[in-house]
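Engineer: Sharing a structure here in structure tokens format.
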Amino acid sequence: MTRTVLIDADIAAYQVASSQEQEFTFGDQTVYHTDVENAIAEVNNLIEWIIDMTDSDQAALFLTGTKNFRADVLPTYKGNRKDVRKPEALGALRDHIMSLPMSFMEDTLEGDNLIGIHATKPHKGERIIYSADKDLKTVPGLHWCPEDGEVIEISHHEADRKFFEQVLTGDPVDNYSGCPKVGIVGATEMLDEPFMWVPYTHTFKSGPRKGLEETRWEKAPVEVHNYIDIWRCIVSAYEKAGLTEQDALVQARCARILRHGEYAFETKKVKLWTP
């Protein structure tokens, strides 16, 4: 059985470009230099090392395109990276990677989305995701685990749970916030023992606010039959924070790593996630 490792080439190229870069300072001026041929050789060595490490027969490489559909969903998506300087050799390494066999890039997609699509489409043989990006844990399938160097399998249930966790907590690295005041503890509580936040009216019985009313929220356990029930719980958390289901949907579409059937290669159209 053929085993193909799906490599997040965005991370690979960035790591190599950064490690090969030399910095020289002359007074108040800083100059950066990279031996591009050495950097290309390092990329090739890294690819071969990953193939060997994952006991794979071949590698497929995935890069981010020039545009990003998530920026249309949330204009501030990854806006915190605009002023970050990129390593000098990054462009040359990306060009080299795209010259290699089994390299993929789509203008409107990030590399992680392409990996998600390729990992989940029907195929013969095995496919293993190789990436340090924790967001790819929202994709079911085989993954190389950097903690212990082993291949693990993430089920559809586990992947969906991780996705819903991201919808609640957001991701500051990618500059989408999730649900206000919901961290990993709150998300875990809701997903482990699902509940909805239900509003009720509280009337003050005494004190300076006696007779006044305010809206408060209480937890109501939910019996989960499918992911729609989980989605209702998530929406209630957003509503408790003064937001709407549409706000939750925006965050979900930023968190979603595309899977097979969620992008049409012929028309270049993304099928945005909908509960």
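Engineer: At R0 = 25 Å, how high is the FRET efficiency between D52 and H156 if r is their beta carbon distance? Nearest 0.05 is fine.
Structural biologist: 0.25
Engineer: Given the C-alpha atoms of the stretch 1-63, compute the convex hull and give its volume per residue in Å³.
Structural biologist: Roughly 76 Å³ of hull volume per residue.
Engineer: I've got another one for you. Say R0 is 45 Å: what FRET efficiency, to the nearest 0.05, do V222 and E23 get from their beta-carbon distance?
Structural biologist: Calculated transfer efficiency: 0.25.
Engineer: Which ³J(HN,Hα) values, rounded to whole Hz and listed in residue order, are derived for the stretch 63-71 from phi using the Karplus coefficients 6.51, -1.76 and 1.60 in 6.51 cos²θ - 1.76 cosθ + 1.60 with θ = phi - 60°, glycine and proline given as x?
Structural biologist: Coupling constants for the stretch 63-71: 10, 7, x, 7, 10, 8, 4, 5, 5 Hz.
Engineer: What is the Cα coordinate range of the stretch 90-147 on the first, second and third principal axes, sorted by size from largest, in whole angstrom?
Structural biologist: Cα spread of the stretch 90-147 along its principal axes, largest to smallest: 31, 28, 21 Å.
Engineer: Nearest 5 is fine: what % of DSSP beta bridges in the chain come out antiparallel, could you say?
Structural biologist: Approximately 60 percent, going by the DSSP bridge assignments.
Engineer: Sticking with this structure for a sec: Rounded to whole Hz and in sequence order, give me ³J(HN,Hα) for the stretch 186-191 from the Karplus expression 6.51 cos²θ - 1.76 cosθ + 1.60, θ = phi - 60°, writing x for Gly and Pro.
Structural biologist: x, 5, 4, 4, 5, 7
Engineer: On to the next question. Residues with amide H under 5 Å of T64's amide H, sequence separation 5 or more or different chain, H placed in the peptide plane at 1.01 Å from N; which?
Structural biologist: Amide H to amide H, under 5 Å and 5 or more residues apart or across chains, T64 pairs with D10, G111.
Engineer: Hey, what angle do you get for helix 245-255 against the long axis of the chain, alpha-carbon based, 0 to 90 degrees rounded to 10?
Structural biologist: It works out to around 20 degrees.
Engineer: Also, I was wondering about something else. Mean shadow of the chain, computed from the convex hull of its alpha carbons, in nm²?
Structural biologist: 20.5 nm²
Engineer: For D72 and F265 in one chain, what is 0.36 nm times their gap in residues minus the Cα-Cα distance, to one decimal in nm?
Structural biologist: 67.6 nm
Engineer: At a threshold of 8 angstrom on Cα-Cα distance, excluding pairs fewer than six apart, so keeping six or more, what relative contact order does the chain reach in percent?
Structural biologist: Normalised by residue count, the contact order of the chain is 19 percent.
Engineer: For the stretch 116-275, what is the per residue volume of the convex hull drawn over the alpha-carbon atoms, in cubic angstrom?
Structural biologist: Value for the stretch 116-275: 149 Å³ per residue.
Engineer: Please list, in order along the stretch 141-150, the HN-Hα scalar couplings obtained from phi with the Karplus expression 6.51 cos²θ - 1.76 cosθ + 1.60 (θ = phi - 60°), rounded to whole Hz, x for Gly and Pro.
Structural biologist: Calculated HN-Hα couplings, in order: x, 8, 9, 7, 8, x, 5, 10, x, 10 Hz.
Engineer: Right, here's the next one. Please provide three numbers in whole Å: the alpha-carbon extents of the stretch 143-238 along the principal axes, with the largest listed first.
Structural biologist: 62, 32, 19
Engineer: For Cα pairs less than 8 Å apart in space and 6+ apart in sequence, what is the mean separation divided by the residue count of the stretch 1-99, i.e. the relative contact order in percent?
Structural biologist: 43 percent
Engineer: Something else: Once you have the Cα-Cα distance between K210 and K181, take 0.36 nm times their residue separation minus that, and quote the gain in nm to one decimal.
Structural biologist: 7.5 nm
Engineer: Something else: Classify the stretch 1-121: rounded, prolate or oblate, from the alpha-carbon gyration tensor (a ≥ b ≥ c, eigenvalue square roots; a/c under 1.5 rounded; otherwise prolate if a/b is larger than b/c)?
Structural biologist: Here the stretch 1-121 falls in the oblate category.
Engineer: For I11 and L243, calculate 0.36 nm times their separation in residues minus their Cα-Cα distance, and state this gained length in nm to one decimal.
Structural biologist: Computed gain between I11 and L243 is 80.1 nm.
Engineer: If you place +1 on the Cβ of every Lys and Arg, -1 on the Cβ of every Asp and Glu, and leave all else neutral, what size is the dipole of the stretch 201-275 about its Cα centre, to the nearest 20 Debye?
Structural biologist: The dipole magnitude comes to about 180 debye.
Engineer: For a quick check: with amide H placed at 1.01 Å from N, whose amide H comes under 5 Å from I129's, ignoring anything fewer than 5 positions away on the same chain?
Structural biologist: L6, L142, H143, W144
Any read-out appearing in this document is the output of simple, stated calculations on the displayed coordinates, not a laboratory observation. For clarity, every value in this text was computed on a predicted model and none was experimentally measured. Here Cβ is always computed from backbone atoms with ideal geometry, including for glycine, and neighbour counts include all displayed protein chains.
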